[in-house]
1. Identify the single condition in (1) assigned to a loop (DSSP other than H, G, I, E, B); (2) in contact with a Ser or Thr (Cβ under 8 Å, 6 or more places away or on another chain) that residue 77 does not satisfy, given that it satisfies every other one.
2. Restricting to region 13-43, what's the tally of residues that are under 19 Å from residue 81 (Cβ atoms) and modelled with pLDDT under 95?
3. Do the conditions hold for residue 76, that is, is it within 12 Å of the chain's Cα centre (by Cα), at negative phi and in contact (Cβ under 8 Å) with a residue 24 or more places away in the chain?
4. List every residue pair whose Cβ atoms sit under 7 Å apart, with the two residues 6 or more apart in sequence or on different chains, where the first one lies in region 1-18 and is within 20 Å of residue 47 (Cα to Cα) and assigned to a loop (DSSP other than H, G, I, E, B) and the second, anywhere, is acidic (Asp, Glu) and at pLDDT 85 or above.
Amino acid sequence: MSTRLRDIMVEDVITVNARATVKTAAVIMNKHEIGCLIVADKGKAVGIVTERDILKRVIPRSEAPEKVRVSEIMSKPLLTAKP
């Protein structure tokens, strides 16, 4: 028996704007108790930002999360599949 994508996918995806700060993304993740967000620009999914992206790409640089844009640290391109 195979599992179909449409049976396991999440329909209400939580997103963050590519121009938002990393701090904003972290607040959204914390509020929704999730570890990643889809990054959107002009209504189109352009990447994904994860807790690991923040830990690996912001913290070591000693930059303030409120000064770094999500677009600077997101993983891209975003791979998608159709249900």
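1. (2)
2. Matching residues across region 13-43 total 1.
3. yes
4. 18/41
The values are calculated or read from the model by the stated rules, or taken from the named source; none is laboratory data. A quick note: this is a predicted structure, and the numbers were derived from the prediction, not measured. Cβ: placed from backbone, ideal geometry, glycine included. Neighbour counts: every protein chain shown.
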